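Single-structure report; data block below.
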Amino acid sequence: MKVLMVVEGDDCALRIEPENEEGRALLARFGVKGVFETRLGPVPAEGGGVKDLIECYEGTPAELD
């Protein structure tokens, strides 16, 4: 399963892409067929804005056990 944070301008979105049958089955349990994507909304400027958010996470993949 590939989980991405998509940033365009000051807006962010969460995108989940199943990469195999197990991932597709997991999303299907939640009523999602294929790719799941939802808008998260704008990144507040007082928190550093989008640029700081990207620099914080870019190139830092997360692994789950």
Conditions (1) open to solvent by less than 70 Å² (accessible area, probe 1.4 Å); (2) modelled with pLDDT of 90 or more; (3) touching a strand residue (DSSP E or B) at 6+ places or on another chain (Cβ under 8 Å) -> Glu19 fails only (1)
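For the subset of segment 6-16 comprising residues that are part of a strand (DSSP E or B) and either open to solvent by less than 60 Å² (accessible area, probe 1.4 Å) or in contact with a strand residue (DSSP E or B) (Cβ under 6 Å, 6 or more places away or on another chain) (or both), which member is nearest to Pro42 (Cα to Cα)?
Step one: filter segment 6-16 for residues part of a strand (DSSP E or B), giving 6-8, 11-16.
Now restrict to residues that are either open to solvent by less than 60 Å² (accessible area, probe 1.4 Å) or in contact with a strand residue (DSSP E or B) (Cβ under 6 Å, 6 or more places away or on another chain) (or both): 6-7, 11-16.
Details: Val6: 12, Val7: 9, Asp11: 4, Cys12: 6, Ala13: 9, Leu14: 12, Arg15: 16, Ile16: 19 Å.
Going through the qualifying residues, I end up with Asp11.
The values are calculated or read from the model by the stated rules, or taken from the named source; none is laboratory data. Since the structure is predicted, the reported quantities are computational estimates derived from the model, not experimental observations. Counting neighbours? That spans all protein chains shown, and the Cβs are built from the backbone with ideal geometry, glycine included. Calculation scope for accessible area: heavy atoms of the full protein, side chains included, ligands and nucleic acids excluded. Shrake-Rupley method; radii C 1.70, N 1.55, O 1.52, S 1.80 Å.
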